[in-house]
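First comes the structure, then the notes that go with it.
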Amino acid sequence: MQKNWDIKGKVMRSLSGKLAASELLAALKEDKVYRIHSQFESGCNLALPPFLCFIGNKNEALVPYGILLDKEDLPVFLEQAASSSCFRWNEKERTLYSDSIRLCLKNTRIYCSYIQKRDYSIELEGLSMFERLIDWNLPTGFGESMGSFLTAEKKEVEELYQAFFKPKEEAEKTIKRWIGRGRGLTPSGDDFLMGLLYMDRIYPILEMPFLQGLKSLIDRQYTTDISGHYLHCALNGYFNIVMTELLDAMIQKDTTHMKMSIGRIRMIGSTSGCDMMLGMAAGAYFIKGRVKNRMGGP
């Protein structure tokens, strides 16, 4: 950390980012005002509608449109950000700055959590391995364990499957039962949909009207700003980087790394990780059924 002085003689704190998302650097515009949307113990969000830029350090997580700080720099950043209403971007200096702090990204390492949407030809064995490694007794934000939820809500999940192929207006009616469902900054229903969107990136299962319906509901604020941000990211192919690691493990059928990735996903939020895995498991079940039907299996 460095201390600089502005032209008025005021101390200007200077920090360097540890890691920054590639999509964020592409989105930042010279001298545009980025207002602070929300602040937490682990960092703060800047508004880049329809996205949010999380600056901080929450368990070293690498999230879409994020900037990871060193843990020792986090208290200084939060103290200075608390007295700032907004930041601006200096492209030449590759620096986000406010009245009291500068965050330089010139020498910051870049990460990318983008998943191209295509059929990755993950064999059924890879999906089955993923399902076997899930602890189905884990609690979810729906008030039930992962296993009991899929059993109790089987009919509702089946209706969601059917909505994958329906016209936009009909799909919206079904999505409304999920989006914004539950408590917290990222409701459980949204996390479940995130899991489905992840599976759709690696084995396309969602038709365009369904995706358009989901985007329309987000735009009409059927859920929280923060959850809307992550859903917008997923619709554009950006996820928590641990999700990209899980994809690599499933392609390689690497049990060890798959188990590690699942463990890290589980640690996201209080139940958000489990709710996402629930959506991923529902997506995997649907994919396996389509593959078996295509192959003429039982």
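The values are calculated or read from the model by the stated rules, or taken from the named source; none is laboratory data. Note that the coordinates shown come from a computational prediction; the quantities given were computed from them, not determined experimentally. Neighbour counts run over all protein chains shown; Cβ positions are idealised from the backbone, glycine included. Just so you know, the surface numbers come from the protein's heavy atoms only, side chains and all, with ligands and any DNA or RNA stripped out. Shrake-Rupley method; radii C 1.70, N 1.55, O 1.52, S 1.80 Å.
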Self-check item: the range 1-148 shape via C-alpha gyration tensor axes, a/c threshold 1.5
Solution: prolate
Exercise. Have a look at 138, 85, 186 and report the one farthest towards the positive end of the charge dipole of the chain, computed about the Cα centre with Cβ charges (Lys/Arg +1, Asp/Glu -1).
Key: 85
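Magnitude of the Cβ-charge dipole of the range 40-193, K/R +1 and D/E -1, about the Cα centre, nearest 20 debye? Could you put the intermediate results ahead of the total?
Numbers: 20 positive and 24 negative charges, 102 e Å.
Its charge dipole is roughly 480 debye.
Given Cα pairs under 8 Å that are at least 6 residues apart, what percent is the relative contact order of the range 214-298? Please report the intermediate quantities before stating the final value.
On the way: 32 pairs, mean separation 12.0, N = 85.
Result for the range 214-298 is 14 percent.
Return a single number: how many Lys pairs in the range 30-135, at a sequence separation of 8 or more or on separate chains, have alpha-carbon atoms below 25 angstrom apart.
Numbers: 32/92; 32/106; 58/71; 58/106; 71/106; 92/106.
So the count of such lysine pairs works out to 6.
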Self-check item: Charge dipole of the range 110-268 about the Cα centre (unit charges at C-beta), most positive-ward option of 267, 252, 203
Solution: 267
Quiz item: Taking Cα centroids, how far is the range 193-214 from the range 100-146 in Å?
Solution: 15
Quiz item: Quick one: if the Förster radius is 25 Å, what FRET efficiency do residue 290 and residue 166 give, using the C-beta to C-beta distance and rounding to 0.05?
Solution: 0.90
Exercise. Please give the calculated 222 nm ellipticity per residue for the chain, where each DSSP H segment of at least 4 residues contributes -39500 (n - 2.57) and the sum is spread over every residue; nearest 500 deg cm²/dmol?
Key: -14000 deg cm²/dmol
Quiz prompt | For the chain: accessible area per residue (Å², 1.4 Å) | solution = 48
Quiz prompt | Inter-probe distance in nm under a simple model that places probes 7 Å from Cα toward Cβ, at residue 72 and residue 156 | solution = 4.8
Quiz item: Residues with beta-carbon under 14 Å from that of residue 209, excluding residue 209: net charge, scoring Lys, Arg +1 and Asp, Glu -1?
Solution: -1
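How much length, in nm to one decimal, is gained on full extension between residue 257 and residue 92, taken as 0.36 nm per residue of separation minus their Cα-Cα distance?
Numbers: separation 165, 0.36 × 165 = 59.40 nm, distance 3.96 nm.
Full extension of this stretch gives 55.4 nm more.
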Quiz item: How much length, in nm to one decimal, is gained on full extension between residue 58 and residue 267, taken as 0.36 nm per residue of separation minus their Cα-Cα distance?
Solution: 74.2 nm
Quiz item: Which shape class applies to the range 33-113: rounded if a/c is under 1.5, otherwise prolate when a/b exceeds b/c and oblate if not, where a ≥ b ≥ c are the square roots of the Cα gyration tensor eigenvalues?
Solution: rounded
Quiz item: Which option, (1) 150; (2) 199; (3) 133, is the value of volume of the Cα convex hull per residue in Å³ that was calculated from these coordinates?
Solution: (3)
Quiz item: For the residue pair residue 211 and residue 84, what label-to-label distance in nm results when each label sits 7 Å from Cα along the Cα-to-beta-carbon direction?
Solution: 3.5
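Using alpha-carbon pairs under 8 Å, 6+ residues apart, how would you state the relative contact order of the chain in percent? The partial results should precede the final answer.
Values: 503 pairs, mean separation 56.1, N = 298.
Relative contact order comes out at 19 percent.
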Practice problem: Evaluate the charge dipole of the chain about its Cα centre and quote only its size in Debye, nearest 20, assuming +1 on the Cβ of each Lys and Arg and -1 on the Cβ of each Asp and Glu. | Solution: 420
